[in-house]
Structure formats: C-alpha cells, structure tokens
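First comes the structure, then the notes that go with it.
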Amino acid sequence: MEVTNVTEYQAIAKEKLPKMVYDYYASGAEDQWTLEENRNAFSRILFRPRILIDVSKIDMTTTILGFKVSMPILIAPTAMQKMAHPDGEYATARAASAAGTIMTLSSWATSSVEEVASTGPGIRFFQLYVYKDRNVVAQLVRRAERAGFKAIALTVDTPRLGRREADIKNRFTLPPFLTLKNFEGLDLGKMDEANDSGLASYVAGQIDRTLSWKDVKWLQTITTMPILVKGVITAEDTRLAIQAGAAGIIVSNHGARQLDYVPATISALEEVVKAAQGRVPVFLDGGVRRGTDVFKALALGASGIFIGRPVVFSLAAEGETGVRKVLQMLREEFELTMALSGCTSLKEITRDHIVTEWDAPRARPAPRL
Ligand code: FNR
C-alpha cells in the first residue's frame, strides 16, 4: 500500500525490525506520558488562516546559523541507524543533502564522522555526548570539525539515561556486528550486555554526570563551531544557555525518552522563545509528524524543527528512499499549510495564525438568551 504520510512508516518498521530494535526506536521513558503528549499537544493548537492572499508562489527557504536550507525541516540525531538499515547514517546523509537540508549525526552513530562526510557535500551538524574522559571529547570534536561538520548540538538532558522499560525487558544492546563507530579506535565502541538496558549501563559508565554550564564554555575553547544547546525546556535555562555562549537552543525532551511528565516541546516552546528575546534562534524537536506541526512551531517562534523517529522508521522500511520520501511529504504538507493559511514566506507566519489553549479567550459578543 502506498505510504501517504510520515506516521505510516512506524507500522511498517514494526513489522520489519527485530523487536529489540523497534522497541528501542519507538519507546519513551516510564509511563510514556510525555511521548503521547508530544503528539497530543499539537492537536490542541488550531489555525486562524487568512484568506484571499495570492499564494501562487511559496518560499520555504531559510538560513540556519547562516547556512541556506530549502526548508525549516531538519534531521535530529538518532543513534545506531544501521540497526534500521545496512546503509544507516549514509542513507540519512544522502537523503538530507538531496533535500537541501541539514542532518545531525549522533555521537552514537554506527558510522563515523569521516564516513558520513565521505558520502558527499552537505551541511551537517554533530551531536555531542560528553564522556568522562575529556580527551575523548576533544578528539571527537576535532575530528567532526575536520570532517566539515558545521555546528555542535550539545545534548544536555542526559546525565543519566532515562528509564525505558522496553529496553530493560529486552536487555537492549547493540548487535554484535555493529559498533559505535566514532569510538571504535578508543575502545568505547562496544556496548556490553547488562542485566538491564545495555545502553543505560554504557551511559552510566562513560557519560559525565558532572556536566554543567562551565563545560559549555570549555567546549568553546576547543572548537570554533557554534554550539546549539539541545534539551532546554525552561526560560531559566534559556537565559543561562545564552549567557554561556550558545549560538542557538533546541527545545527538546529527547523524544520523551528522558524525564517523563515534562511538557510536550510544543507547549514549552513559547516560554523559551520569549526568554531568548531574539538573541539566538530557537529550534524544536519532538512529535513533529505533519506539515501543520511545522507551521505551528514556526508560528510560536521556532526558526526550524528537527525530526527523529520518522527517519529511523522510514530507513527501516525503505532505506534512503524512505528518508527522502519523509522529507518530501513533510515539505509538501508544510507548503500546503502555508498556502491554506495565506503565507507565502516563512516571515509571514505569525503568532496570529494560530490559537493555543493558553491564549486568552478572544472577546466575543455575549450570546443572546
Ligand atoms: C534519539 N535522540 C537522540 N538525541 C541525541 O541527542 N543523541 C542521540 O544519540 C539520540 N538518539 C536517539 C535515538 C532514537 C531512536 C530516538 C527516537 C531519539 C533524540 C532525538 O534527537 C530527538 O530529540 C527526538 O527523536 C525528537 O522526537 P521525535 O521526532 O522522535 O518525536
């Protein structure tokens, strides 16, 4: 059957993938309340479309940290993509560059920064997990920079791994024929089997729980790449991130995989945008599955959005073709949303094009009884 929207890839991936792999991709933390809420919150935001505007030409292009992209739809870092498809991160990199957009490569990719760079030209960001051994971090950041990566997305919501119960039940671990390629030479590329989630044990062993704002400053002493702080959901942390030198903020709850019962990212976005006061761009990820979701995020002040699971699910279904199709479907849906809302360029998308449940009720004449 023809796939006509991004969500449909999830069911196909579920059929195709081993249960351990599918569960790892799909799961959220604990009760998975935030996982559902990331989607549900979008459905509580409604449109206030404008009519009779010439929408015969629609321009979706924008610049992200100075880099021109064809649309504000970018690819979030998701780990271990070769579990989904043998081409893994290569396929994602090629699909992103064919679509004229940006891929973020995970620290825990099953392809190295050099391998992904070798797929050809493309604007790429590198997602960083900070290891206890700072030499490992410094080396990796240098390698990413040398391989032509343009920015660091520093993940700040993972001092420990969230409790993902499916991974615990499945004793999740990286299949033996794969490695975390960026760490292969450093003897950190394998994940041991553990009595719970192998990834949770790996994180407990290697990732630096002491990470703090001073490390954001330290990172700037070892690289000239701009730093996006990924995992901010409050105004307080937005201000601190900007003070610490962040070039941008990604409002993210890690696809609901870390702390359960945090709000949906689309619900937290406006607070962050207000606190940022236009000093740095604000991005969002979490639950974006439709062009209408992209529009809602932009109307609330985001400069762009990132997608996570749709990439791994479409990879599992159809490899590079699948990822291309996901980007194409979102592009077309977003363009249609712009047209039907009366917007011909991104700057025409305003807060007045949507209404949220936290907006004051608009003054209406009292009904005559
Ligand atoms: C992730 N995410 C993630 N984030 C990160 O900073 N480094 C990583 O290695 C990973 N790995 C990862 C694997 C999988 C399978 C998922 C689903 C997520 C989080 C990711 O970057 C992003 O925040 C969310 O995926 C966005 O939510 P959606 O689009 O998946 O709903």
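The values are calculated or read from the model by the stated rules, or taken from the named source; none is laboratory data. Predicted model, so just to flag it, every value in this text is computed and none were measured. Don't worry about glycine lacking a Cβ; one is built from the backbone with ideal geometry, like all the others, and counts go over all protein chains shown. These accessible areas exclude ligands, DNA and RNA; they are computed on the full protein's heavy atoms, side chains included. Shrake-Rupley method; radii C 1.70, N 1.55, O 1.52, S 1.80 Å.
Restricting attention to the stretch 301-312, which residues are over 19 Å from L65 (Cα atoms) and open to solvent by less than 10 Å² (accessible area, probe 1.4 Å)?
P310, V311, V312
For the stretch 106-124, enumerate the residues that are over 20 Å from R309 (Cα atoms) and either within 16 Å of the ligand (Cβ to nearest atom) or of a type in the set (A, V, I, L, M, F, W, C) (or both).
Selection gives S112, V113, A117, I123.
Go through (1) touching a strand residue (DSSP E or B) at 6+ places or on another chain (Cβ under 8 Å); (2) farther than 25 Å from E348 by Cα; (3) within 15 Å of the ligand (Cβ to nearest atom) and name the single condition S97 misses.
Here S97 meets the rest and fails (3).
Working only within the stretch 345-369, note down all residues that are in a helix (DSSP H, G or I) and either of a type in the set (D, E) or surrounded by fewer than 13 Cβ atoms within 10 Å (Cβ to Cβ) (or both).
K347, E348, D352
Output the residues belonging to the stretch 350-369 that are more than 24 Å from the chain's Cα centre (by Cα) and under 16 Å from S267 (Cα atoms).
Within the stretch 350-369, V355, E357, W358, D359, A360 qualify.
Any idea how many residues of the stretch 219-235 are farther than 26 Å from Y24 by Cα and either touching a residue at least 60 places away in the same chain (Cβ under 8 Å) or in contact with a helix residue (DSSP H, G or I) (Cβ under 8 Å, 6 or more places away or on another chain) (or both)?
Looking only at that region, the number is 9.
Filter the helices (runs of 4 or more DSSP H) completely within the stretch 194-270 down to those with at least 2 residues that are under 24 Å from A166 (Cβ atoms) and either open to solvent by less than 10 Å² (accessible area, probe 1.4 Å) or within 15 Å of the ligand (Cβ to nearest atom) (or both).
It comes to 198-206.
When the residues of the stretch 146-192 are filtered to those that are of a type in the set (D, E) and in contact with a helix residue (DSSP H, G or I) (Cβ under 9 Å, 6 or more places away or on another chain), which remaining residue is surrounded by the most Cβ atoms within 10 Å (Cβ to Cβ)?
Ranking the qualifying residues of the stretch 146-192, first place goes to D167.
In the stretch 320-339, how many residues are open to solvent by 60 Å² or more (accessible area, probe 1.4 Å) and not charged (D, E, K, R)?
The qualifying residues number 3.
So, G342, is that one on the phi > 0 side of the Ramachandran plot, open to solvent by less than 20 Å² (accessible area, probe 1.4 Å) and either touching a Leu at 6+ places or on another chain (Cβ under 9 Å) or more than 16 Å from the ligand (Cβ to nearest atom) (or both) or not?
yes
Name the one entry in I123, I102 that is in contact with a helix residue (DSSP H, G or I) (Cβ under 9 Å, 6 or more places away or on another chain) and over 14 Å from T78 (Cα atoms).
Result: I123 is the single residue among I123, I102 that is in contact with a helix residue (DSSP H, G or I) (Cβ under 9 Å, 6 or more places away or on another chain) and over 14 Å from T78 (Cα atoms).
So, in the stretch 276-298, exactly how many residues are in a helix (DSSP H, G or I) and either open to solvent by 10 Å² or more (accessible area, probe 1.4 Å) or within 12 Å of the ligand (Cβ to nearest atom) (or both)?
6
A247 - would you say it is without any contact (Cβ under 8 Å) to a residue 40 or more places away in the chain and touching a strand residue (DSSP E or B) at 6+ places or on another chain (Cβ under 6 Å)?
no
Please specify each residue of the stretch 141-160 satisfying the condition of being closer than 25 Å to T210 by Cα and in contact with a Phe, Trp or Tyr (Cβ under 8 Å, 6 or more places away or on another chain).
V141, A144, A151, I152, A153, T155, T158
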